[in-house]
Structure formats: structure tokens, C-alpha cells
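A.B. asks: Pasting a structure here, questions to come.
The values are calculated or read from the model by the stated rules, or taken from the named source; none is laboratory data. Here the structure is a predicted model, which means the values were calculated and not measured. Methodologically, a virtual Cβ is constructed for each residue, glycine included, from the backbone with ideal geometry; neighbour enumeration extends over all protein chains shown.
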Protein chains: 4
Amino acid sequence: MAAVRGNGDKRKRILDAAVVEIARRGYYNTTVAMIARRAGVADGTIYLYFENKDAILFALFDRAMSRFIEKGRAQIPQQLGAEHKLRRIIELHLELVGEDRDLAIITQVELRHSLHFMGQLSRNQVRDYLGIIADVVAQGQAEGAFTPEAEPLLAAKAIFGVLDEMATDWILSRRNTRLESKAEAVAGLILGGIRLRA
Amino acid sequence: MAAVRGNGDKRKRILDAAVVEIARRGYYNTTVAMIARRAGVADGTIYLYFENKDAILFALFDRAMSRFIEKGRAQIPQQLGAEHKLRRIIELHLELVGEDRDLAIITQVELRHSLHFMGQLSRNQVRDYLGIIADVVAQGQAEGAFTPEAEPLLAAKAIFGVLDEMATDWILSRRNTRLESKAEAVAGLILGGIRLRA
Amino acid sequence: MAAVRGNGDKRKRILDAAVVEIARRGYYNTTVAMIARRAGVADGTIYLYFENKDAILFALFDRAMSRFIEKGRAQIPQQLGAEHKLRRIIELHLELVGEDRDLAIITQVELRHSLHFMGQLSRNQVRDYLGIIADVVAQGQAEGAFTPEAEPLLAAKAIFGVLDEMATDWILSRRNTRLESKAEAVAGLILGGIRLRA
Amino acid sequence: MAAVRGNGDKRKRILDAAVVEIARRGYYNTTVAMIARRAGVADGTIYLYFENKDAILFALFDRAMSRFIEKGRAQIPQQLGAEHKLRRIIELHLELVGEDRDLAIITQVELRHSLHFMGQLSRNQVRDYLGIIADVVAQGQAEGAFTPEAEPLLAAKAIFGVLDEMATDWILSRRNTRLESKAEAVAGLILGGIRLRA
DNA sequence: GATGAATGAGAGTTCATTCAT
DNA sequence: GATGAATGAACTCTCATTCAT
């Protein structure tokens, strides 16, 4: 009965161990043996659950991005106005990244690095995420709340860039501030820009 | 004189070779031998100019960021108004990144990765760059052109994030568009934000 | 009764699977898991029937050589003259080897390899086979049909060598000829030698 | 000056070490580290001279077969009659194989094994050798010394089979007899066959 | 008896670095 | 200064074997 848990459990334990180790040392400086030791399994066991070392990293991305998109879908009501939705996205993004520093290091630092050299597998999910933001921008333009001059996808990338930089900055500066605390100010900048309004 | 140039020449050739190889394969998948071969020197010669493999990467960052800041200083007149300065920074950033795709890959992809795992050496220069942008923001607020609500360093990070994402997106999508062509639209977003002006 | 058959059945299925896999890939490139999969049993089940991987190979040789000697005994009447017996042996050898290419590969290629490195277990049976041929040679000499100069065991080895090379050649050249078709010519050579008779 | 020797020397030392180790344990039970240790070089050095472990085995075959064919060419005068030539081939074959037991083990046991599973690379040289014997058979038929009934290539294979079996038998029986001592008797069998002459 | 997930020793191979020339 | 052959530690991955179920 509980046996079924054993399987999922072990895969999860390997991924959890991988997050910690890779966040701490980077993908290339983390050995499979390190992950195995932290997960409490034998080296060979890793290969029962993942085809090779790369596959662990991909699985990590998958899991992280899925959680991201899923939480976004669950916590942003469809019927909300675009500005509220955008504010919510900004809050959620910073919240989720801020929740698990190790995972954040991986998505901000390793993901970026690997996207380019390990194929495009994971870029698709970033694209999905950008698509969600772009939809909100388009909605805002339809509502007459957002400037019609902005190309939605370009705006989405800009927004993502701001959020991403906040996250990266938070990781690289090892201070102990809460990432979410910036949400209000960031939302102000994104919505209002930097130029003084007449 | 010629001797010194010969010397500097070899160091430069190694760095130039490193840019190409590392951009193509990533730092960890590039061997010292590959760099040596492209530079046209013996493997051992590398170690006459660099203490170890990591040192090559650091030198690469140094050179790239120095060029960046230097060009910025040279091409943005001090007496310009803040908005013009900011527009010029945006143009220059996209221009410079767009000029050398190999170098761009390294600064966008490898730099970020290394910042975290190889110590703070290079982070300082990013900080310098953010400082320059922050100064322009502060200048704009003093001039009454920019919103006084924005904390200059935070705004600088947001601006950097937008530019950085544009650059990263340009690299990851292997399309043949010119990166500079986005400058106008990006400047619009950064200055005016996304919310429709009254 | 059915239980016993079920048992023998599983052992047989494992050996049959082993023949195919080992013939295809060689002993060292065949994993126990491959054999188990083809046999339709679990990996662990193999070890209920064989002490270890080597034991499978030994059992294979045993089975093959037993069939060989057994068929020889059954199909070569004791009262036959030596020359007829020898012709029959030549035919039978080529026939049997030619019947099952997979098994032939194992006896020609793997057996030889293992004879040397896995102990003498199987060499005994080759010796038995050589003994049978040597007896026929001696019988021929007693009958006055074969040359008395030839030392029977040496002659037996020479005969075996010819047959063995024919078999090996047939396996290594992947042509689709029938091995038995060479029997007549081979018998001629063995009996008459290569020198023209006066 | 002597430096040039260093290179050829090292490659030779590796091959010599490989012969001993592989003959003793078989190819698959010999590790690269074992060969390196016996050769007195570091593990990694092996890979400066050979692409991978397989390449060592191939090089061994090449060297062995080249020596074989070369010695054959050097020591068998073209103008000899076919029977003398054939006797000389038989002597030389047994002599050469008998000279270096380790090498013999490899050619008789490992060659055979690998021919089938590692591609056909080396089979070509066996074919060359068979061709040489076949030519002698054809010469003998032209001279009217050998029976015209025998197809030369088939006869060559039969002869090779006899020689090969003698060699294999000599290796597998660990007795201390000299292999060459059988040459006379073997030649008699090959030339005269087993049937008593009228 | 049968299973197959788990083990962990051990394999081949790579590559940053050194140093005799 | 320049070379590049040599090093050997360290990596990823495989697979015969075990044992709890």
C-alpha cells in the first residue's frame, strides 16, 4: 500500500537533493555521487529514475516551471481586470521565487546557462509564461487601461526582464531581505514607467 | 616595442579564441586545449598568460565590461538631459550587445552563471554599470523629469533587467533580427510604463 | 509432472534466450537483464536456475556438445567402414553447425574464447569429440584403408580443424550459402590430401 | 635525437604490455589501467596513442598479421615449387605462432572472438593470408603437382583450418611441447590426405 | 518460487595542469 | 618564452548480484 509512495518518494528525494546540491555548487561542479548521497540512495539508483545527469536538470526545470504556471493559474482569477492581474503576477512571481532560494538559484542561474547549451526543451515553458503575461497586456489594451502602443509580447518580455533581474539581484546579493517586499515598487515602475506623469 | 606587442598580442589571441569557443560550447564544455588550438598556441602557453582556466573567464568579463563602461562614458555627453541620456544608454546597450553575438552569449549566459559560483570579482563591474544608470535616474528626478517615487537603484535594476532580457531573448532565439531595432520601443516602455496616460 | 515441466521449461527458456542474445552481441556485451527480458522472466529469476552469468555459458556449451555427440552416436552405425563413418561425421558436423546459426556462433566464437579463460570444464567434451574421430581413424588404419603413418589423435585434430574453419568461415562471411554443400569437397580433401595421386 | 625513439617506444611498450595482459586474462577482463601499469605509463597516456580500448586490440592484430605476412614474403622464395612452398608455409606458420605464446593466444583466441563483434577490420588480413595459400595451391595445380579437383580457396581454408587447430590445441593444452615439431606430420596429412595410397 | 528495485564496485575516458626540452 | 607529451585524479555510467516483498 505504502509501497507505491516508495517510488514517487525516491524520485522526489533525488530531485530535492539535486536542487540543494546544484544551487550550492552549480550543475557542472555537482557530481551524481553528491546528489545520491544527499538523497540517501546509491549512485546507481539515480539511473533508475533518470536517463543521465542532464535529465535531472531538465526534470528540475519541468517541476519548477509547472509549479509556477500552475500556481499562477490557480491564484489569478480569470475575471480580474488587467492591471489587477498584472499586479498579482508580479507579486506571485516574486513570492514564488523568494520562497525557495535554492530553487531560485537554479531557475535564475542554471536554467539560463543550460537553455543555450542543452537544447531548447525548457525554453518552451518560458515561452508559455511569457504568453500568459502577453495575454494580460493585450487584455489591458482591449479594456483601454494599457497603452495601445506597446506590442504585447515585447511588453511581456520587458516585464519578465524586470522580475527576473529582481530575482537574480536578490540571489547574487546574499542579503536577507524578502524578495516580495519589492513587489509594490516594481509594479509602480512597470505600470507607470519612469517619466513623470503630466 | 614590437616585443611588447607580440606579448600583448598572444594574450589577446587567447582571449579572442576563448570568446568564440566558450560562446559556442559553454565554459565547462570548452577545454583549454580547444582555446589553445584556436589561438594558435601550445596548451602550456596558456599558463604563461593566465593562472588557470577560471582566470581566462574573469579576464573575458573584465575586458567586456570595461569596453562597455568605457564606450558609455565616451558616447554619452555629461551635459545631456536625463531622458536623452537614458535613451542613449538603451541604444548603446543594445548596440554593443548586438555587435558581437559571441561576446553577448558570454556576458548574458556565462557571466550570470559565474557571478554566483566564481566569486564576486566581476559583480563589481555590473554594480558600476548599475550605478551609472542610477545616477541618470537621480539626475532626471532632480530635473523634475522623472517620477520622484522611484528609488534610483531599484529603477536602474529594472531598466537593466529589461535590457538584459531583450539581449538574452535575442540570443536564445536564433533569428536574424537586429537587436538595436528594438531600442525605440523599449525606451518607450521604460519611460512611459504600460498604463495608459490620462 | 506439470510442475517439473514448468521448471525445466523456464530453464530452457533462459538458455534459448541466452543463445540468441549472446550470438548477437557476444558474451561480454550481453547483460543478464537482456537474457531475462527475452526469456520473459525477471532478472532475479535467472539466479534461481544458474549460479551466475558464467554458469549460463557453461550450460550452453554442455547442451550444444551433448547434442552433437549424441546425434553423432545415433546416426553413425557402429558397423560402418571407417571411410563411410568419416564421411558421415563430416556431413553431420557441417549439418549440425549449419542448422542453427546462433548456436554455431556461440560454439565457434564464444566457446573457443571461453575454453581458455573460464577453465577446462568444456574442453573435456571437445576432447570426447576428438576421441570419437580418432577412433575412426584408428579403425581405418586397422582396416588397411587409412595410411598407417598418421597418428590418430593428430589426424583427428587436423580433421576437426578443417571442419571448424569451414564453420567459422561460414559464420564470419554472412553469405547465405548452405554449409552442408561443402561436405563432399571437404571429404575429398581430407581423405585424398592435396597432392595429385600417381 | 634519442627523443624520437621516446614516442615509438611508448606506443610499442603499450602494445607489448597489452599482449601480455590480454593473453593472460582476455580482452574484456583486462582493464586499461592494467595495461598502463605494465607499460609503465599513466592511464591517460594510453589515450594519446590509441583512440580507445578497442583500438589497442585492432593495433595488436595489425601488428601481428603484418609480421606474419611480411615474414612469409621474406622467407618463401618466389621461384620455389608449390609443394616446397606449402611445406615452408606450414613450417613458418607453426614457427611464428609457436614463437610467442602470448601473441598466439591473442590471435587464436581473441582475434576470433573480436572479428565477429567488433567489425570486419581485421578479417581482411586473414583474407590476404588465405589468398597467399590459395595462390600456392593454384600454382601446384598448374605445375601438375596438386590435384585439379580442389578449389584453391577452399583448399586454402582447409589448410588454414588444420594449422589453426594445431595452434589452438597447443595453446589450450598447456604442455611444453614445441609447436614446430608437428610440422612434418602436418605437412604429410595435408599433402597426402588420410586415405592409404594405392 | 518469482519478482525487480536497489546496490556499489569498478569500468573507460577526459582534461586542467606541469615540466623537461 | 614556448612547447606539447605526460600525468592521474575525478567523472559518469553500467551491470552482476541481492533480498524484501
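A.B. asks: Considering only residues of the range C:67-86 that are surrounded by fewer than 12 Cβ atoms within 10 Å (Cβ to Cβ) and under 22 Å from C:Thr107 (Cβ atoms), which is nearest to DNA strand F (Cβ to nearest atom)?
C.D. replies: That would be C:Glu70.
A.B. asks: Select, from D:Arg112, D:Arg195, D:Arg87, D:Arg175, the only residue that is within 18 Å of the chain's Cα centre (by Cα) and without any contact (Cβ under 8 Å) to a residue 40 or more places away in the chain.
C.D. replies: From the options D:Arg112, D:Arg195, D:Arg87, D:Arg175, the qualifying one is D:Arg112.
A.B. asks: Of the residues in the range B:21-54, how many are more than 11 Å from DNA strand E (Cβ to nearest atom), small (Gly, Ala, Ser) and part of a helix (DSSP H, G or I)?
C.D. replies: Number of matching residues: 2.
A.B. asks: Tell me, which residue of the range D:35-60 that is more than 9 Å from DNA strand F (Cβ to nearest atom) and touching a residue at least 24 places away in the same chain (Cβ under 8 Å) is farthest from D:Ala23 (Cα to Cα)?
C.D. replies: The qualifying residue farthest from D:Ala23 (Cα to Cα) is D:Phe50.
A.B. asks: Would you be able to tell me the number of residues in the range D:170-185 that are hydroxyl-bearing (Ser, Thr, Tyr) and facing chain C (nearest Cβ under 7 Å)?
C.D. replies: Of the residues in the range D:170-185, 0 are hydroxyl-bearing (Ser, Thr, Tyr) and facing chain C (nearest Cβ under 7 Å).
A.B. asks: Now for a different question. Pick out the one residue from C:Gly193, C:Gly144, C:Gly188 that is at the interface with chain D (Cβ under 10 Å from one of its Cβ atoms) and crowded, with 22+ Cβ neighbours inside 10 Å.
C.D. replies: C:Gly193
A.B. asks: Could you check D:Leu60 against (1) in the same structural domain as D:Glu143 (by TED's automatic domain parsing); (2) away from DNA strand E (no atom under 16 Å from the Cβ) and say which number it fails?
C.D. replies: All conditions are met except number (2).
A.B. asks: Taking the criterion of being within 14 Å of chain D (Cβ to nearest Cβ) and closer than 30 Å to D:Glu110 by Cα, would at least one residue in the range C:32-52 satisfy it?
C.D. replies: no
A.B. asks: Given the options A:Gln139, A:Gln125, name the one that is at pLDDT below 90, crowded, with 16+ Cβ neighbours inside 10 Å and more than 7 Å from every other protein chain (Cβ to nearest Cβ).
C.D. replies: One residue alone meets the criteria, A:Gln125.
A.B. asks: Considering each residue of the range C:28-75, count those that are of a type in the set (Asp, Glu) and at pLDDT 90 or above, and give that number.
C.D. replies: Looking only at that region, the number is 3.
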